1. Check Val77 against each of (1) touching a helix residue (DSSP H, G or I) at 6+ places or on another chain (Cβ under 6 Å); (2) part of a strand (DSSP E or B); (3) not aromatic (Phe, Trp, Tyr) and name the one condition it does not meet.
2. Looking at Thr121 and the list (1) within 21 Å of Leu70 (Cβ to Cβ); (2) part of a helix (DSSP H, G or I), which single condition is not satisfied?
3. Filter region 211-236 down to the residues that are of a type in the set (Ser, Thr, Tyr) and buried (at least 19 other Cβ atoms within 10 Å of the Cβ) and list them by number.
4. For the list (1) touching a residue at least 40 places away in the same chain (Cβ under 8 Å); (2) over 30 Å from Ser138 (Cβ atoms); (3) in contact with a strand residue (DSSP E or B) (Cβ under 7 Å, 6 or more places away or on another chain); (4) of a type in the set (S, T, N, Q), I need the number of the one condition that Ser224 fails.
5. Looking at Val254, Val208, which is the one that is under 22 Å from Phe27 (Cα atoms), surrounded by 20 or more Cβ atoms within 10 Å (Cβ to Cβ) and in contact with a His (Cβ under 8 Å, 6 or more places away or on another chain)?
6. Pull out all pairs, ordered by first then second residue, where Cβ-Cβ is under 8 Å, the residues are six or more apart or on different chains, the first lies in region 120-141 and is touching a residue at least 24 places away in the same chain (Cβ under 8 Å), and the second is surrounded by fewer than 14 Cβ atoms within 10 Å (Cβ to Cβ).
7. Counting only residues that are in a helix (DSSP H, G or I), charged (D, E, K, R) and in contact (Cβ under 8 Å) with a residue 60 or more places away in the chain, how many does region 176-204 have?
8. With the requirement that a residue be crowded, with 16+ Cβ neighbours inside 10 Å and at pLDDT below 95, what does region 165-179 give you?
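The values are calculated or read from the model by the stated rules, or taken from the named source; none is laboratory data. All values derive from a computational prediction rather than experimental measurement. Cβ coordinates were reconstructed from backbone atoms using ideal geometry, including for glycine residues, and neighbour counts include every protein chain displayed.
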Amino acid sequence: MPVLQLKDTIAYSKEGLGPPVMLLHGFGEDGNIWKPQAEKLSHSYQVICPDLPGSGLSENLFQFDPAPTLEKLADLVAAIADAESWNTFTLLGHSMGGYVTLAFAEKYPQRLNGLGLIHSTAFADSAEKKEIRKKSISFIQANGTQAFMETMIPGLYSETFRNLHIETVREHIREAGGYRKEVLIAWYQMMINRPDRSDILKQFSKPVLFVIGTEDKAVHLEDSLAQCYWPEYNHVSILNGVAHMGMVEKPDEVTAIIKDFLKQLNPES
């Protein structure tokens, strides 16, 4: 899988030919989280997986920006699409990547033929959730990234998966432990400050994919179900026994779900 650069700041992989699809990773991840899906989707689609700023091979743009926002990340997504001459495309985001996806849909709705929220939500953080994130920021500042990831990441997976795939979870912790503190803090601040984008889902005229885990403690099942019927055209998939990391816990099933969604958008692909 080749790694490309956008203006020497944002790295992204690109593979395959066909209708364009971009997959955005979440907090504490990079574009490689989508590797199982990207490899199979590339048989029929052109797939791009960016490393958002400060992750993977991308530059830490936050060091130059005192006020990073999800809207600015949406602009980076637009810049990648421009660099690839993508006029319209499908944008799918996991968790925080879903927040960026919604920010993009708000700012550039005409550029999307569909979007997907993979274990993500249009709701803003509740007061309780904001306090949890602020405490996480304090923990990161006091104890560092590695210690934080050791406490945070296991909870993203279902108990069954953790017990059966201990090394997979440990590898995720090792990889995420390399993030700089200021990057994670910037991401948290962007999530805390993001607005409610429920109206974007209600007004979006193109198909929307929802992938929901019944054991997800980060985006609760009831919240997902409350919003998944707002779009005019929805595609809802519920993963039983899966928590927040469906792409890892059930990679083949998530790939099949995405393929089915993309087939609806591109019947001839």
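1. Evaluating Val77 over (1) touching a helix residue (DSSP H, G or I) at 6+ places or on another chain (Cβ under 6 Å); (2) part of a strand (DSSP E or B); (3) not aromatic (Phe, Trp, Tyr) leaves (2) as the failure.
2. (2)
3. Ser224
4. The single condition Ser224 does not satisfy is (2).
5. Just a single option satisfies the conditions, and that option is Val208.
6. Listed pairs, sorted by first residue: Ala122/Asp196; Phe123/Asp196; Ala124/Asp196.
7. Looking only at that region, the number is 1.
8. Glu175, Ala176, Gly177, Tyr179, listed by residue number.
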